[in-house]
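Structure first, then comments.
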């Protein structure tokens, strides 16, 4: 490790501390030549798969883009930052565990929808409407009914429609 002050090539580790999540190590270092001290941050570097777009193009996975997608779907929804970060980590974990060098974007989208379905049904429907290119209101209705049938709102989620489920409203008509 080169000293950032004098560029000397010999520095020594004075102290090491593991972060709370265990993913990084902070090292306090001292330069043998000039005596200055500085900190370094050591993180694990794991190669994530390349994302294959629907047009055949390939691009490196970008966790920031993933986070932006979650943020857009969950804008103005009652979901904590911690839960969103956990969902992003879960998607990244699924990508790593796939063991593949390339993952189709459609599969990445399915990972995201699975996590959104657990977090917030409204956010899930927002994301699905863009991801699956809903054409009309019937597409929304079908997705909401499927969601309510397969994943009823629990204590931690608000109902998708006021006054109960879509099925209950149909039965009342």
Exercise. Select from segment 104-137 the residues that are modelled with pLDDT under 85 and part of a loop (DSSP other than H, G, I, E, B) and write down the one among them that is farthest from the chain's Cα centre (by Cα).
Key: 136
Quiz item: Which pairs have Cβ atoms under 9 Å, sit 6 or more apart or on different chains, and link a residue in segment 95-118 that is within 19 Å of residue 143 (Cα to Cα) and not assigned by TED's automatic domain parsing to the domain that holds residue 70 to one that is surrounded by fewer than 16 Cβ atoms within 10 Å (Cβ to Cβ) and at pLDDT below 95?
Solution: none
Quiz item: For residue 96, are the conditions met, namely being under 25 Å from residue 23 (Cβ atoms) and either loosely packed, with under 12 Cβ neighbours inside 10 Å or modelled with pLDDT of 85 or more (or both)?
Solution: yes
Exercise. Give the residue, chosen from 76, 65, that is outside any helix (DSSP H, G or I), modelled with pLDDT of 90 or more and either assigned by TED's automatic domain parsing to the domain that holds residue 16 or surrounded by fewer than 16 Cβ atoms within 10 Å (Cβ to Cβ) (or both).
Key: 76
Quiz item: Which one of these is in contact (Cβ under 8 Å) with a residue 40 or more places away in the chain and touching a strand residue (DSSP E or B) at 6+ places or on another chain (Cβ under 9 Å): 18, 79, 52?
Solution: 52
Self-check item: Sole exception among (1) surrounded by 11 or more Cβ atoms within 10 Å (Cβ to Cβ); (2) more than 18 Å from the chain's Cα centre (by Cα); (3) at pLDDT 80 or above for residue 149, by number
Solution: (3)
Quiz item: Of the residues in segment 26-62, how many are at positive phi and either in the same structural domain as residue 104 (by TED's automatic domain parsing) or surrounded by 13 or more Cβ atoms within 10 Å (Cβ to Cβ) (or both)?
Solution: 1
Quiz item: Does residue 70 fit the bill of being out of contact with any strand residue (DSSP E or B) (no Cβ under 8 Å at 6 or more places or on another chain), within 26 Å of residue 127 (Cβ to Cβ) and crowded, with 16+ Cβ neighbours inside 10 Å?
Solution: yes
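The values are calculated or read from the model by the stated rules, or taken from the named source; none is laboratory data. Keep in mind it's a predicted model, so treat the numbers as computed, not measured. A quick note on method: Cβ atoms are made from the backbone with ideal geometry, for glycine too, and the neighbour counts reach across all protein chains shown.
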